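Undergrad: The structure's right below; bear with me while I get my questions together.
The values are calculated or read from the model by the stated rules, or taken from the named source; none is laboratory data. Here the structure is a predicted model, which means the values were calculated and not measured. Glycine also receives a Cβ, built like all others from the backbone with ideal geometry; neighbour counts cover every protein chain displayed. Remember, those area values only see protein heavy atoms, side chains included, never the ligands or the DNA or RNA. Shrake-Rupley method; radii C 1.70, N 1.55, O 1.52, S 1.80 Å.
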Amino acid sequence: MTQTPVGRRERKKAATRQAIADAALRLFLEHGYDRVSLREIADTADVSTTTLFKHFSGKEALVFDQERDNEAQLIAAVRGRGGQDIVGALRDHFLDAYLPIARHPQAAEFVALVDATPALRSYAERMWTRHTDSLSAAIAEECGAHHDDLSCVALARFVLEIPALVRGRPDPRAAIEAIFDILARGWVRPDPVR
């Protein structure tokens, strides 16, 4: 989880960032992603567009305002697992980090917004998969394997697909558990539908 900023300046920056993200999400949910301009978001948050860009790289980043800490948290889950196996540590991380987001009162609206907006779907996928190299390197390091070992890269990539696979599922916990069961034990042919 993100540490609470301790200094006054850091708290103010964090509050400004949160106000911008909240204004953006509210406007996107009310009017649709494509109908909202960056200027409208800045005005609603009572900041300049320059300030908006100091906190966010672009319009898509406003929707996924919590993503900047994902990479560090994933690597910390692998390195700080305290004797737990890597797949188990990543499972615990996803259950701890993703479930509160999935249970948020606006989660269904958020999923609908992302699913209805091709630019957001694409950004969400890129956002997670760009961590493949660093996560696979951390996994490899913990295993004593070469930094680009295929099994480590594959595990990292599969883990990073979880948010896309779980998004919109009626029971996110069950979906996360099922995916990690496959990663831990391998794929088992499902029972035929009757």
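Undergrad: Could you please give the count of residues in segment 5-34 that are among the basic types (Lys, Arg) and either at pLDDT 95 or above or open to solvent by less than 30 Å² (accessible area, probe 1.4 Å) (or both)?
TA: Total satisfying the criteria: 1.
Undergrad: Give the residue that is nearest to residue 88 (Cα to Cα), with candidates limited to residues of segment 169-194 that are free of Cβ contacts under 8 Å to residues at least 60 places away in the same chain and surrounded by 11 or more Cβ atoms within 10 Å (Cβ to Cβ). First the steps, then the outcome.
TA: Just the residues of segment 169-194 that are free of Cβ contacts under 8 Å to residues at least 60 places away in the same chain, to begin with: 169-171, 174-175, 178-179, 181-182, 185-194.
Add one more test, that the residue is surrounded by 11 or more Cβ atoms within 10 Å (Cβ to Cβ), and what stays is 169, 171, 174-175, 178-179, 181-182.
On the way: 169: 22, 171: 20, 174: 15, 175: 15, 178: 13, 179: 12, 181: 10, 182: 12 Å.
Among residues in segment 169-194 that are free of Cβ contacts under 8 Å to residues at least 60 places away in the same chain and surrounded by 11 or more Cβ atoms within 10 Å (Cβ to Cβ), the one nearest to residue 88 (Cα to Cα) is 181.
Undergrad: Given (1) at pLDDT 90 or above; (2) within 27 Å of residue 164 (Cα to Cα), identify the lone condition not met by residue 112.
TA: If we test residue 112 against (1) at pLDDT 90 or above; (2) within 27 Å of residue 164 (Cα to Cα), just (1) comes out false.
Undergrad: For the subset of segment 83-125 comprising residues that are charged (D, E, K, R) and part of a helix (DSSP H, G or I), which member is most open to solvent (accessible area, probe 1.4 Å)? Reasoning before the result, please.
TA: Initially, segment 83-125 is screened for residues charged (D, E, K, R), giving 85, 91-92, 96, 103, 109, 115, 121, 125.
Okay, now just the ones that are also part of a helix (DSSP H, G or I), so 91-92, 96, 109, 115, 121, 125.
On the way: 91: 37, 92: 63, 96: 110, 109: 93, 115: 70, 121: 86, 125: 95 Å².
Once the filter is applied, the top-ranked residue is 96.
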